[in-house]
Structures are given as C-alpha cells and as structure tokens.
Ligand code: SAH
C-alpha cells in the first residue's frame, strides 16, 4: 500500500486514515478518484492534499489522545477529520468561508464532534484557544508565522511547509523548547500559499 511505502508506519495514523473516507470530502468527478495518491481540486481554487503527504505530516505531528491541535488551512476538512480521530480536540481555520461551511457539514455527517471549524485568518492563530500541543499548517509560508510559534505550548510540535509559494517547499518540524526552538527538515512538498486576511468568496 502506498502509505506504508512512503514511510507512514505509525499504526494509529494508518488506522485513522483507513477510517476516513476521502471521497466524502470531494465532489463531482473527483469523488471517483479519491483513492488515487494525488492532490485533487476542491472549490475556491484550492486542493485536498495527497494521502501520503497527509500521512507523513500527521505522523510527524505525533498527536496523542491528550493533544489539543490547531490546523491552519481546513480546505476540504479531510486532514482535520484524520486529526480528530487521534487527538482530544481539533480547531481548524480556513480563510474561505465557503470551504469552512462545507467542511463543517462533512465533519458533522461523519459524526466527528471534537473538531471546530473557524472561518478566519490562520496566520494569526487562535489566541483565545491557545496554547496548543500541536499545530499543523497545510499551506506554505515563507517562514513559520510568529503568532503560531507563540501559541505553541513548550514541548509542543508544529509541522509546516516553508518556502516561496509555487516552488518546491520544505516540510519543517518545529519543537518548542523551554528556551528556543529545535528545527528538523522532513523533505520536499508542494502546497498552496498561506495568504493573509479573509478571502472574498463569490456569492453562492
Ligand atoms: N488541509 C486541507 C488542504 C489544505 S489546502 C485538506 O485536508 O483538504 C490549503 C488551504 O489553506 C486552502 O483551503 C486555503 O484557502 C487555506 N489558507 C490559506 N491561507 C490561509 C490563512 N491565512 N488562514 C486560513 N486558511 C488559509
């Protein structure tokens, strides 16, 4: 199976992915391609990530049953659904209100009640709910946003793609120490850019 071949070995992560029907987060012709290990288009010009990338990022985040997790970039809600099966509580923010609404509906349909979808600018994090044990950013920034570093609990982990948008980016794992941060690079990825501010969605 390609997840294992890509290096996803954590049994809990594999199980969470197996229990989450990717087709539920896709629409139209793309539903039939849910099993393909490729990123696919969702609305608002965004994409649902490739399953192996979702697996590797989730594994690197090292979530456990006690974790409170913040995800930036809800998109379809697929990654948030997987996190919700591993964590105690998941908050996920999305700058497109249309996507946030659709993700909320799918997550409710799947009975995933420990996820809260917030329409908001994720570059600011979620100060009211901070600190977080884990933060996962699923859009690419040039550098780790300072508010997100600040909202990570000491000992906490943040995984995010960094680099210029539209080129190859580096997946970075940041571990917050009592003083300072420890950085590890995990390979190359390609994500849509992390943009500041809310998106102006066209009327539905
Ligand atoms: N995790 C998603 C895929 C993410 S695609 C999934 O599982 O389907 C990246 C998403 O990040 C896009 O939907 C984009 O609109 C969103 N995004 C980009 N900048 C953002 C910001 N500042 N705050 C919140 N969401 C943002």
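The values are calculated or read from the model by the stated rules, or taken from the named source; none is laboratory data. A quick note: this is a predicted structure, and the numbers were derived from the prediction, not measured. Cβ atoms come from the backbone with ideal geometry, glycine included; neighbour counts cover every protein chain shown.
So, in the range 187-204, of the ones that are assigned to a strand (DSSP E or B) and in contact with a helix residue (DSSP H, G or I) (Cβ under 9 Å, 6 or more places away or on another chain), which residue ends up farthest from the ligand (Cβ to nearest atom)?
187
If you go through the range 147-168 one residue at a time, do you hit one that is part of a loop (DSSP other than H, G, I, E, B), over 14 Å from the mean Cα position of the chain (by Cα) and modelled with pLDDT of 95 or more?
Yes, there is a match, as at least one residue in the range 147-168 is part of a loop (DSSP other than H, G, I, E, B), over 14 Å from the mean Cα position of the chain (by Cα) and modelled with pLDDT of 95 or more.
For the range 109-128, enumerate the residues that are within 15 Å of the ligand (Cβ to nearest atom) and either in contact with a strand residue (DSSP E or B) (Cβ under 8 Å, 6 or more places away or on another chain) or free of Cβ contacts under 8 Å to residues at least 24 places away in the same chain (or both).
Correct list: 115, 116, 117, 118, 119, 120, 121, 122, 123, 124, 125, 126.
Within the range 16-24, can one find any residue that is crowded, with 21+ Cβ neighbours inside 10 Å and away from the ligand (no atom under 12 Å from the Cβ)?
Within the range 16-24, one or more residues are crowded, with 21+ Cβ neighbours inside 10 Å and away from the ligand (no atom under 12 Å from the Cβ).
Condition check: modelled with pLDDT of 95 or more and in a helix (DSSP H, G or I). Does residue 102 satisfy that?
Spelling it out, residue 102 is indeed modelled with pLDDT of 95 or more and in a helix (DSSP H, G or I).
Does the range 179-186 contain any residue that is on the phi < 0 side of the Ramachandran plot and within 16 Å of the ligand (Cβ to nearest atom)?
no
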